[in-house]
Amino acid sequence: MPLALNNLKATGKGGLAFRMSLFILSSTACIFIAAFGYSYYYSRNQILADVEKNAEIVTIATVSKIEVVLNGVEKVPSYLARSLGSSKPALPELQKQIIDLLQTNPEIFGSAVAYEPYAFDRKALYSAPYICRGPYGGLVPSFLGNNEYQYFFLDWYQIPKELAKPVWSEPYFDEGAGNIMMSTYSVPFYNYKDGKQIFTGVVTADISLEWLMETIRKISSHQSSYSFLISRNGVFVSHPNKDYIMRESIFSIAEAKNDNGLREIGRDMIRGGKGFVTLKNHFAGQKSWMYYAPLPSLGWSIGVVFPEDRLFAGIGKLGAIIMLIGGAGFLALLVIIITISGTITKPLRVLAGKAGEIARGNLEVEVPTVRSHDEVAALSNSFNNMKDALKEYISNLAETTAAKERIESELKIAHTIQMSFLPKRFPPFPEKEEFEIFAALEPAKEVGGDLYDFFLIDEEHVFFSIGDVSGKGVPAALFMAVTKTLMKGICSQAVFPSMAMSNVNQELCKDNDSSMFVTVFCGILNFKTGELLFANAGHNLPVLISASGEISWLESPPGFLLGIVEDAEFETSRMIMTPGDTLFLYTDGVTEAMNLQQEFFSDPTLLETIARCPDQRTPEAIIDCVMKAVKAFTGEEPQSDDITMLALHYRVKGTGKGMH
């Protein structure tokens, strides 16, 4: 046990041994609980089935016993009724027959022959001799019928008369004869006159219900169970609670407790049904089960009630014992699992500590050798190999990092040099009031292949251009530098942009083994007259923002790319710019900028963006507006291409000469 506690403390709540122990115990607990639950459920159902079967056997046996007695009682008045239907004895003879009936049938408490008014004696309204057992065992004769007891209006007389068949009465308490609970079996008898059946009277047999209630009480097979008897109207004839007998019915209790379930059970009982059902606390005092079956002769029903806690007391005790044994088993299993898992994971804890030393940079730490031939030994060997590999990796990483830093430094220098090639002072010609020009370039990498340029050719002409070299990075930057140098050198002497394009194309095609190319749009503006000569070498069409605010593409022949075909021909286009016109040039890094959904910024979006710009007369404002729109569109998507823009705004005409 101390070893197990030490292992548990060593591993901690997050340790492998702890988690292994927790997993095994949890799984075992789930299996145990499932098995225990199934066992409890099965045992409970089996007990209920056994109780139902036993209750059914005992109840049916009792019903059969009672039925034998009741059937015997029914035969006696039926025999006398048949006899009276064929003869009319004198009163002494009739009384003697009743006395013989009682003497030979001790289960009958009393008997009467009640005639219809004036049927026995034409002068007598009441003719009903009755003989019953006295308190001391003798037979006591009497006559029924007077102004206060008009028997021919009572149920025991009227019901068999109307139904024309024998019936048992509802139970009642007889205060006159024996002061006991009774039920009466009434059999109608008839005389025949001229072939017609004439109702003459009723023969009755009274039985005491004391023996019946005692028989019902003996049904209970368990000391905590009890039985009861209800009449065909649901009135309690027998019940352990004396206050219920003849005062309450199963329906009155259901109504008082608002128990629809009990009401349905009562309906099934008086209909002669049988079953095994649950009862709520307010009927039996606690949750119980009840078996009920009918008494066919009387039309009554017997119920046997079993309290649930006593039924399942054995299961509860057995469950407590099983839980106690299970708890002890869990404790023993916990100690065994922690001990075994701690022994297994001890080498892993040592390796974890050594790994922590390695993680802190101590690559000289000694990893212990594991002599077993299992996964732990393989892990130990892997740690030694990892340590050696880390030493080599760190050595190589230091060299690689130094080389990377050197390259990054060189790229920064290259970026600075590349940017120095481009005009970056704005406004570049503050003395020239006829036009205003502004440009911006944002490379996708440290260096890029986009270019722009502008310079004065003479006092009346300004040259401007924008280009996009194929590819990115250092090769594109070098090709861009060559292209810009050629453009400046050649275009400063050229009369027409197409001639300049042809000369630059021929120079770029020489020794171009890498097959790189560049798209270029260039123009020469006579800012005195507004005449604009321009040529296009496969570049995006510029946007013309007219003085009236109209925005459109500046149409021009597309031309061929520079650097591919040496004898390619280019065409110069001409237009007159109106004071207030603005020309917007850009590379495809603007229209092909993508967002996170891989959608392009597109040409239509560019036109819409320019149309929404608050200031369409200032080149810098236009470029800033478009740049912000592109950034907002791409969001967190990395920039994939260089973005370059150039805007030229023509202000006023002067006087001057065109170029020829």
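The values are calculated or read from the model by the stated rules, or taken from the named source; none is laboratory data. Predicted model, so just to flag it, every value in this text is computed and none were measured. Cβ: placed from backbone, ideal geometry, glycine included. Neighbour counts: every protein chain shown.
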(request) Can you run down the residue pairs with Cβ atoms below 8 Å, 6 or more apart or on separate chains, where the first is in the range 616-636 and within 12 Å of Thr582 (Cα to Cα) and touching a residue at least 12 places away in the same chain (Cβ under 8 Å) and the partner is surrounded by 16 or more Cβ atoms within 10 Å (Cβ to Cβ) and polar (S, T, N, Q)? (result) Gln616/Thr582; Arg617/Thr582; Pro619/Thr582; Ile622/Thr582; Ile622/Gln616
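Is there a residue in the range 197-219 that is more than 30 Å from Asn105 (Cβ to Cβ) and either at pLDDT 85 or above or not hydroxyl-bearing (Ser, Thr, Tyr) (or both)?
Restricting attention to the range 197-219, the residues satisfying the condition of being more than 30 Å from Asn105 (Cβ to Cβ) are none.
There is no residue in the range 197-219 that is more than 30 Å from Asn105 (Cβ to Cβ) and either at pLDDT 85 or above or not hydroxyl-bearing (Ser, Thr, Tyr) (or both).
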(request) Only helices (runs of 4 or more DSSP H) wholly contained in the range 544-660 count here; list those with 3 or more residues that are of a type outside the set (Val, Ile, Thr). (result) 603-612, 619-634
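Tell me, please, whether a residue that is farther than 18 Å from Phe584 by Cβ, β-branched (Val, Ile, Thr) and surrounded by 24 or more Cβ atoms within 10 Å (Cβ to Cβ) can be found in the range 477-484.
yes
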(message) Which numbered condition in (1) touching a Ser or Thr at 6+ places or on another chain (Cβ under 6 Å); (2) in a helix (DSSP H, G or I); (3) surrounded by fewer than 19 Cβ atoms within 10 Å (Cβ to Cβ) is the only one that Lys488 fails?
(response) (1)
(request) Can you tell me which residue within the range 234-290, out of those that are within 23 Å of Ile60 (Cα to Cα) and among the aromatic types (Phe, Trp, Tyr), is surrounded by the fewest Cβ atoms within 10 Å (Cβ to Cβ)? (result) Phe276
(message) Out of everything in the range 337-372 that is under 17 Å from Ala389 (Cβ atoms) and part of a helix (DSSP H, G or I), what residue ends up being modelled with the lowest pLDDT?
(response) Lys354
(request) Specify the residue that is modelled with the lowest pLDDT; the eligible residues are those in the range 118-177 that are hydroxyl-bearing (Ser, Thr, Tyr) and closer than 29 Å to Glu248 by Cβ. (result) Tyr172
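Hey, among the residues in the range 97-120 that are touching a strand residue (DSSP E or B) at 6+ places or on another chain (Cβ under 7 Å) and charged (D, E, K, R), which one's nearest to Tyr185 (Cα to Cα)? Break it down stepwise before answering.
The first filter runs over the range 97-120 and keeps only residues touching a strand residue (DSSP E or B) at 6+ places or on another chain (Cβ under 7 Å), leaving 98-99, 101-102, 107-116, 119.
Applying the additional criterion that residues be charged (D, E, K, R) yields 107, 116.
Values: Glu107: 13, Glu116: 18 Å.
Per the criteria, the residue is Glu107.
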(request) Mind listing whichever residues of the range 90-106 are surrounded by fewer than 14 Cβ atoms within 10 Å (Cβ to Cβ) and either outside any helix (DSSP H, G or I) or in contact with a Gly (Cβ under 9 Å, 6 or more places away or on another chain) (or both)? (result) Ala90, Pro106
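Filter the range 135-146 down to the residues that are surrounded by 11 or more Cβ atoms within 10 Å (Cβ to Cβ) and free of Cβ contacts under 8 Å to residues at least 40 places away in the same chain and list them by number.
If the condition is that a residue be surrounded by 11 or more Cβ atoms within 10 Å (Cβ to Cβ) and free of Cβ contacts under 8 Å to residues at least 40 places away in the same chain, then Val140, Ser142, Phe143, Leu144, Gly145 are the ones that fit.
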(message) Can you report the number of residues in the range 147-179 which are in contact (Cβ under 8 Å) with a residue 40 or more places away in the chain and exposed (fewer than 14 other Cβ atoms within 10 Å of the Cβ)?
(response) 1
(request) Report, by residue number, each residue of the range 460-480 that is over 20 Å from Phe560 (Cα atoms) and part of a helix (DSSP H, G or I). (result) Gly473, Val474, Pro475, Ala477, Leu478
(request) Check Leu163, Leu139, Leu154 and return the single one that is more than 27 Å from Phe236 (Cα to Cα) and of a type in the set (A, V, I, L, M). (result) Leu139
(request) For the range 501-542, enumerate the residues that are in a helix (DSSP H, G or I) and either under 20 Å from Leu554 (Cα atoms) or among the acidic types (Asp, Glu) (or both). (result) Met501, Glu507
(message) With the requirement that a residue be farther than 19 Å from Trp553 by Cβ, surrounded by 13 or more Cβ atoms within 10 Å (Cβ to Cβ) and of a type in the set (Gly, Ala, Ser), what does the range 607-635 give you?
(response) Ala621
